[in-house]
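Written below as structure tokens is the structure these notes are about.
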């Protein structure tokens, strides 16, 4: 059951408005356009996963989109949070096209697309950090919680995913 529905993030709407209104020869236009493309891709990826989650009609699943929780003097945000009587699942969505390589040894994701290689934050480390922060949030609020699990979903069907094993795993 969807408890917090998908909606266009305010920051995406603001970035679109800025892109529409800024003078086209302004020095920041390329930066704004890159940010807008990234935010649209993220939202589109989350929309794809949201569609599939809508098929979980059973009331034992409580599905929340874009959950932002305060912890101490900061906040953390999870793309999807699914609560069940037996476990909690955190889903981090990535909508990255091209050849994606995750190296857990150096905690890095690289993407090669159209001959350009870029580095990104490792989504596995990111979702593991969200799990720890969520556990801490429950503890701070003195709430019992079931086991918490997490996963990363690559929503773009054209993504080719490679996972690098650590050097120790290659030894005979």
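The values are calculated or read from the model by the stated rules, or taken from the named source; none is laboratory data. Every value quoted in this text rests on a predicted model; they were computed, and no experiment measured them. Glycine also receives a Cβ, built like all others from the backbone with ideal geometry; neighbour counts cover every protein chain displayed.
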Take the conditions modelled with pLDDT of 95 or more, touching a helix residue (DSSP H, G or I) at 6+ places or on another chain (Cβ under 6 Å) and more than 17 Å from residue 42 (Cα to Cα) and apply them to residue 69. Does it pass?
yes
Checked the range 12-69 for anything assigned to a strand (DSSP E or B) and without any contact (Cβ under 8 Å) to a residue 12 or more places away in the chain; matches are 68
Taking the residues in the range 82-114 that are touching a helix residue (DSSP H, G or I) at 6+ places or on another chain (Cβ under 8 Å) and without any contact (Cβ under 8 Å) to a residue 60 or more places away in the chain as candidates, determine which candidate is surrounded by the fewest Cβ atoms within 10 Å (Cβ to Cβ).
107
Listed residues 63, 2; which is modelled with pLDDT of 95 or more and surrounded by 15 or more Cβ atoms within 10 Å (Cβ to Cβ)?
63
Filtered residues of the range 119-128 (kept if exposed (fewer than 13 other Cβ atoms within 10 Å of the Cβ) and within 18 Å of residue 79 (Cα to Cα)):
121
Residues to consider are 143, 132; find the one that is in a loop (DSSP other than H, G, I, E, B), more than 12 Å from the chain's Cα centre (by Cα) and either modelled with pLDDT of 95 or more or closer than 25 Å to residue 75 by Cα (or both).
143
Filter pass, residue 157 being within 28 Å of residue 43 (Cα to Cα), exposed (fewer than 11 other Cβ atoms within 10 Å of the Cβ) and at pLDDT 90 or above
yes
